[in-house]
Amino acid sequence: MKLEAVELIRLNVPLKSAFRTSFSSVNVHQVVWAHVITDVGEGWAECGANERPDYSSEYHSAAMDVLREFFIPDLMALGNDLQAEKVAPTLFWAKGHRMAKAVIETALLDAQLRHANTSFATYLGATKTKVPAGVSVGIMDSLEELHSYVTNYLADGYLRIKLKIEPGWDYEPVKMVRKEFGDDLLLQVDANTAYTRDDFDVLRRLDEFNLLLIEQPMFEEDILGHAKLADYIETPVCLDESIVSAEIARDAIELGAAEIINIKPSRVGGYIESKKIHDVSVSQKIPVWCGGMLETGIGRAANLALAALPGFTLPGDTSASARYFEVDTTEPFVLQDGHLTVPTGPGIGIDPIMEIVDRFAVSREWITRS
């Protein structure tokens, strides 16, 4: 395969309502896509970076810059010897920038698999045709508002509720949801690093609600702190931002810091590395689930293929398109009996709707061979 050109597209896709976490609140999904042209066909992928370096150190403009200046020229220099599996080794010299690496690897993998008439699910080793869907509920202005949102999501058929929490919005929201919706509800919380080692007693109060897990309670580099917390509380500790590679996942498991792992392909450098993290976790009997970054259909399709692997035993954040968007950039993913269907077509198994892409695109840039 030979990389001929890459189009970097920046889109502003309106959300149905504001999505608030402990670090930001957004009304528009501002996202960058990579559209690759190769000698065997084209491929598409979505970059997980936010507009600002709030979830991670990466952000849109930086991702586009490192792709433009370094990554795309390096991959074009491989000539006819390019394969998606060679992206990570070729770009290994560059520190970090995993989301930028992930988007170009995924777009190339999409092109490669379309040419081979093979789906992402088959390539990764998926064993399921449908995956259970959970939904992430942002921080609200009131308990009444939270109650209304959870009620509607459960009516839609979601099988698991995840509540975003932060200091001051933790015990009472969880208590209300557990009381109002019952002990059988699959319920978990996500702190997005909002707490410190001084908050162990605050987090231990959540033990009474029989949560599936508490996700990334502390700073991502505090692996030892998470291990100490896991010993202190009964609720299983799940790592998200801390897990950036299979090696880090292995270390965190051995230290007792990760009783469950959230795998986000964009955060770890792509789907090939995600499969390695899955395999490490399965070998250590650690459950994994697939997280999300508010992806449009282009990113959601590939996530569903990953979530169909056998080690993904918990519902993920692979919600239906209608959870976030009035209009998606692809044919919408629709919830059926609490599940989403895994695409089976070649590559990611779905195509962008160009009229919608044109509507939401705010910039388009081609990088070609010189």
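List of remarks:
- Antiparallel DSSP beta bridges within the chain, as percent of all bridges there, nearest 5: 55
- Ordering 250, 98 by the number of other Cβ atoms within 10 Å of each residue's own Cβ, fewest first, gives 250, 98.
- Helical runs (DSSP H, four residues minimum) scored at -39500 (n - 2.57) apiece and divided by the length of the chain put the mean residue ellipticity at 222 nm at -9500 deg cm²/dmol.
- Derived from the Cα gyration tensor, the three semi-axes of the equivalent ellipsoid of region 282-344 are 23, 11, 10 Å, largest first.
- Folded to 0 to 90 degrees: helix 171-181 orientation relative to the chain principal axis, Cα: 90
- Counting other Cβ atoms within 10 Å as a rough exposure proxy, the listed residues 242, 321 run 321, 242 from fewest neighbours to most.
- Tilt relative to the chain, helix 223-232 - C-alpha long axis, 0 to 90 degrees, to 10: 30
- Taking a ≥ b ≥ c as the square roots of the eigenvalues of the alpha carbon gyration tensor, the chain is prolate, as a/c is not under 1.5 and a/b beats b/c.
- Contact order relative to length of the chain, as percent, for alpha carbon pairs under 8 angstrom and 6 or more apart: 22
- Summarising the strand pairing of region 112-247, around 5 percent of its internal DSSP beta bridges are antiparallel.
- Look at the alpha carbon pairs under 8 Å that are at least 6 residues apart: their mean separation over the length of region 121-341 gives a relative contact order of 24 percent.
- In order through region 299-315: 3J(HN,Hα) via Karplus (6.51 cos²θ - 1.76 cosθ + 1.60), integer Hz, x for Gly, Pro: x, 5, 4, 5, 4, 5, 4, 5, 5, 8, 6, x, x, 7, 9, 10, x
- For the options 102, 194, 63, a Gaussian network treatment of the chain with springs between C-alpha atoms closer than 10 Å singles out 194 as fluctuating the most.
- For region 1-153, size of Cβ-based charge dipole, Lys and Arg +1, Asp and Glu -1, in debye: 300
- Legend: distances between Cα atoms for 164/228; 130/228; 130/285; 16/164; 95/275; pairs beyond 28 Å are 130/228.
- Charge dipole of the chain about the Cα centre (unit charges at C-beta), most positive-ward option of 104, 253, 152: 104
- Formal net charge of residues neighbouring residue 6 (Cβ-Cβ distance under 13 Å; K, R +1; D, E -1): -4
- Local electrostatic count at residue 299 - Lys and Arg +1, Asp and Glu -1, tallied over other residues with Cβ under 13 Å: -2
- Positive dipole terminus of the chain, leading residue within 63, 282, 187 (C-beta point charges): 282
- In terms of overall dimensions, region 77-211 has a Cα radius of gyration and Dmax of 21.3, 60 angstrom.
- When DSSP beta bridges are restricted to pairs lying wholly in region 121-341, around 20% turn out antiparallel.
- Gap separating the Cα centres of region 58-128 and region 282-318, nearest whole Å: 19
- Taken about its Cα centre, region 121-341 carries a charge dipole of about 780 debye when Lys and Arg each add +1 at the Cβ and Asp and Glu each add -1 at the Cβ.
- Computed 3J(HN,Hα) for region 354-370, one whole-Hz value per residue from the Karplus formula 6.51 cos²θ - 1.76 cosθ + 1.60 where θ = phi - 60°, is 5, 4, 6, 4, 4, 5, 9, 5, 10, 7, 9, 9, 9, 10, 10, 5, 7, glycine and proline marked x.
- In region 139-286, one over the average inverse separation of all distinct C-alpha pairs is 15.9 Å, which is the Kirkwood hydrodynamic radius.
- Other residues whose C-beta falls under 13 angstrom from the C-beta of residue 162 contribute a net charge of -1, scoring Lys and Arg +1 and Asp and Glu -1.
- The residues 76, 354, 99, when put in order of fewest to most other Cβ atoms within 10 Å, stand as 354, 76, 99.
- Of every Cα-Cα pair in region 1-105, the percent that sits beyond 24 Å: 27
The numbers here are math on the coordinates, done by the rules we state, and not lab data. In this text the structure is predicted, and so the values were computed from the model without any measurement. Backbone-built Cβ (ideal geometry, glycine too); neighbour counts: all protein chains shown.
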